[in-house]
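Asks: So that we are looking at the same thing, I have put the structure below in structure tokens.
The values are calculated or read from the model by the stated rules, or taken from the named source; none is laboratory data. Remember, it's a predicted structure, so these values are computed and weren't measured experimentally. Note that each Cβ is placed from the backbone with ideal geometry, even for glycine, and that neighbours are counted across all protein chains shown.
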Amino acid sequence: MKNPVMPASGTFGAGREYSELMDINRLGALVAKTVTLKPRDGNIPPRLCEVSSGMLNSIGLQNEGIDHFLKHDFPFMKEFDVPVIINIAGNSLEEYAQLCREIDRVEGVSGIELNISCPNIKAGGIAFGASSKLAEQVTAAARYNTQLPLIVKLTPNVYNISKIARAVTSAGADAISLINTMVGMSIDTNTFKPNLGNITGGLSGPAIKPIAVRMVWEVAQSVKIPIIGIGGISNALDAVEFFLAGATAVAVGTANFINPLTMTDIISGLEAYLVDKGFTDIGQIIGKVKT
């Protein structure tokens, strides 16, 4: 990666729309929207709802499936001089394993990110990421089926994030990205009905940044593999907080919807910050919070 800034999965699609507004080659990496083994219709609308300091989404991982992605989206993404990371999700260990096998055969992929916040049908609806045992199992299954760098994206909707982080690290994760969205709800006070068709959704944006920074800091004390910090990053100083907490890279999500140039602005802002503070490399501030 030429710099430590990338889009968060699900907020950038395959980059087509953004490529008309920004220079994608300036990014540190491209992270694709979550892809599943078979096409998914997603959740019933409404799927988006603006809330105080953020938004709720309930997309439901709508996508055309891995075959369509590899045929139509990936060729576009690999045209850029930027590493491409494919985010995947499944309903079973077998689905994750098969996805990894298929992607492992594709030339030009730089890494796989496991979205383990999805329901595990065989475990009674429990999300893989909510159980250290299940998180370890799905990471191990993915690790066995790919030689590519493996990033595991963790859910914040757990009691002990460090325990989950240690579990996926022991199972072979090369890096951890956190956090995913937090479960939230919004109600229309005129109709008395939820503002999302799925009732609840994932909260993202500035509202969750303090929680994300805290979780990055906690995990950085527990594991030695790289951490990608995610959650409410809107400007360079937001990103700096994550680096100080122990992140080695950051991913930007909701802010891209407000300003499509957010990531390139952050890259420029980080360069200026380092010069202003007398540093020559972002590594000089990673984990340097004074506690």
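Asks: Against the condition within 24 Å of V183 (Cβ to Cβ), in contact with an Asp or Glu (Cβ under 8 Å, 6 or more places away or on another chain), modelled with pLDDT of 95 or more and surrounded by 17 or more Cβ atoms within 10 Å (Cβ to Cβ), how does A8 come out, does it pass?
Replies: Judged against the criteria, A8 is not a match.
Asks: Could you run through the range 269-291 and say how many residues are touching a residue at least 12 places away in the same chain (Cβ under 8 Å) and surrounded by 13 or more Cβ atoms within 10 Å (Cβ to Cβ)?
Replies: 8
Asks: Please enumerate the residues belonging to the range 12-25 that are crowded, with 19+ Cβ neighbours inside 10 Å and of a type in the set (S, T, Y).
Replies: Y18
Asks: Could you tell me whether any residue of the range 268-284 is within 18 Å of S177 (Cβ to Cβ), among the hydroxyl-bearing types (S, T, Y) and touching a helix residue (DSSP H, G or I) at 6+ places or on another chain (Cβ under 6 Å)?
Replies: No, the range 268-284 contains no residue that is within 18 Å of S177 (Cβ to Cβ), among the hydroxyl-bearing types (S, T, Y) and touching a helix residue (DSSP H, G or I) at 6+ places or on another chain (Cβ under 6 Å).
Asks: Right, here's the next one. So which residues in the range 150-183 are part of a strand (DSSP E or B), in contact with a helix residue (DSSP H, G or I) (Cβ under 9 Å, 6 or more places away or on another chain) and surrounded by fewer than 20 Cβ atoms within 10 Å (Cβ to Cβ), if there are any at all?
Replies: M182
Asks: Collect the residues in the range 160-197 that are free of Cβ contacts under 8 Å to residues at least 40 places away in the same chain and under 29 Å from E50 (Cβ atoms), keeping them in residue-number order.
Replies: Passing the criteria: M182, V183, I187, D188, T189, N190, T191, F192, K193, P194.
Asks: Filter the strands (runs of 3 or more DSSP E) completely within the range 185-252 down to those with at least 3 residues that are buried (at least 24 other Cβ atoms within 10 Å of the Cβ) and at pLDDT 95 or above.
Replies: It comes to 227-230, 249-252.
Asks: Check whether at least one residue in the range 68-85 is out of contact with any helix residue (DSSP H, G or I) (no Cβ under 8 Å at 6 or more places or on another chain), closer than 27 Å to I286 by Cβ, surrounded by 22 or more Cβ atoms within 10 Å (Cβ to Cβ) and not acidic (D, E), and report yes or no.
Replies: yes
Asks: List the helices (runs of 4 or more DSSP H) inside the range 38-149, counting only whole elements, that have at least 2 residues being at pLDDT 95 or above, under 27 Å from N160 (Cα atoms) and out of contact with any Pro (no Cβ under 8 Å at 6 or more places or on another chain).
Replies: 93-104, 132-145
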